[in-house]
1. Scan the stretch 47-108 for trypsin sites (Lys or Arg not before Pro) in coil per DSSP, keeping those whose Cβ has at most 13 other Cβ atoms within 10 Å, and list them by number.
2. Could you give me the ³J(HN,Hα) list for the stretch 144-149, computed from phi with Karplus coefficients 6.51, -1.76, 1.60 and θ = phi - 60°, whole Hz, x at Gly and Pro?
3. Determine the alpha carbon to alpha carbon distance for each of K86/K163; K92/K144; K137/K163; K92/K122 and list only those over 19 Å.
Amino acid sequence: MNKLPEDDWYSLFDYEYGQSMRHGHQVVPTPWTSMIPVFVRDRGSANGLLYWDDGESVIDSFDLHDFYEWSFKYLMNDQGGYLSIKTEREAKSLTIPTLDTLEIFNYAYYPDFTSFVLNGQKVNVNVQTSNYNPYKKILYISTKNLIDLHSMPAGGVSTLSWKHSTGTIDTQSHGIKPEKIQNKIHIEEERTWKIKVDLFV
């Protein structure tokens, strides 16, 4: 039995991944073969930070420590999505992978995978590895070398934008239902060998 405070929550638990969870007291099954239940809260925030260093060095002083730091801002309206990434600090001697994966929870629109633009240039999103699930409302974007964070100098900004349907998804009727849009999301970052950014609406 667990209790989630009153708010919007999303599950990172294996078999309920990305699903909206109700607040209050509830029983969450926990098979021994799965990870423990993990939930993330939507605070309506539109920004987040990603920190990256070598994972080994002892930090004596952040002023002298070699690391990257990026800030993320995401906005969504009834026309499309917009992600802005700014290099807040640039490392001197670190090699980093490209940002290849974006995952957006509670994305209530059908995306146009042909409309993605990065810094004014068209992006060919890999539709074989990218997808949208209208029932779970999860948008998954996976394209090799999608955003080259290493090429962004300190203070540099990259912007990724795309278009989607003009109405939100109504999963009850399996169609599109025009209604008031959600225009803010909370960004969470997951550090892996391949950088992946999760966005929680």
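Every read-out reported here was derived from the displayed coordinates using simple, explicitly stated rules and does not represent laboratory data. Since we're looking at a predicted model, the values are computed, not measured. Every residue, glycine among them, receives a Cβ derived from its backbone with ideal geometry; neighbour counts consider all protein chains shown.
1. Working: sites: K73, K86, R89, K92; in loops: K92.
Hits after loop and neighbour filter: K92.
2. 4, 6, 4, 10, 8, 5
3. Details: K86/K163 22 Å; K92/K144 24 Å; K137/K163 16 Å; K92/K122 30 Å.
Over 19 Å apart, Cα to Cα: K86/K163; K92/K144; K92/K122.
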